Structures are given as structure tokens and as C-alpha cells.
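The values are calculated or read from the model by the stated rules, or taken from the named source; none is laboratory data. Predicted, not measured: the structure shown is a model, and the values here were computed from it. Just the protein is used for accessible areas: all its heavy atoms, side chains included, with ligands, DNA and RNA removed. Shrake-Rupley method; radii C 1.70, N 1.55, O 1.52, S 1.80 Å.
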Amino acid sequence: MHRAMSRINTLIVFGLLVMLDPFSGLPIALRTLLQIAFGAVILGIALSMRAEESRKLHAPVEPAEGREPALPEPPQSISPI
């Protein structure tokens, strides 16, 4: 969880930098270059977070060590008679 929080904090910092960039007083060419670089960093972090979430959702669930997997509960609304 610590890793995800550091990525979120990095996204916040780069988002603030993108917002403050027009007020920096730097030449337009340099501001454009910085915006492209900041956007690339934000995109890279967002894609890595998305890939990690996708891996978590599609990872096979392994039973706890020494225990057999639990059988699914039968439906309660259907009568066995």
C-alpha cells in the first residue's frame, strides 16, 4: 500500500506543477517542454497503477496453506424437493 500512496502523492505534485506552469514566467518553449514532460510522468504513473489494479483483479485466488478451498454455498431460494 505504501507504494501506491507514493505514486498518488507524485501524481498530486505533478498535477500542481502542471497547474502552476503557466504562471512560472519561463519562456513559452520551455513551458511547453515542461508540460509535455510532466504529462508523460503523469501518464506513466497512471498506466502503472491501472496495470497493477488489473493484475490484482485477474490474479488467481489461492487457498490458505493447509486448508482446502471452501465449496460454494448452494442457493437458498430454491427448494431441493
Selection from region 1-17 of residues of a type in the set (A, V, I, L, M, F, W, C) and open to solvent by 50 Å² or more (accessible area, probe 1.4 Å) yields Met1, Met5, Ile8, Ile12, Val13, Leu16, Leu17
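Condition (residue is open to solvent by 80 Å² or more (accessible area, probe 1.4 Å) and modelled with pLDDT of 90 or more) applied to region 49-68: is it met by at least one residue?
At the first step, the residues of region 49-68 found to be open to solvent by 80 Å² or more (accessible area, probe 1.4 Å) are 50, 53, 55-58, 60-62, 65-68.
Now drop any that are not modelled with pLDDT of 90 or more, which leaves 50.
Looking for residues that are open to solvent by 80 Å² or more (accessible area, probe 1.4 Å) and modelled with pLDDT of 90 or more, one finds at least one in region 49-68, hence yes.
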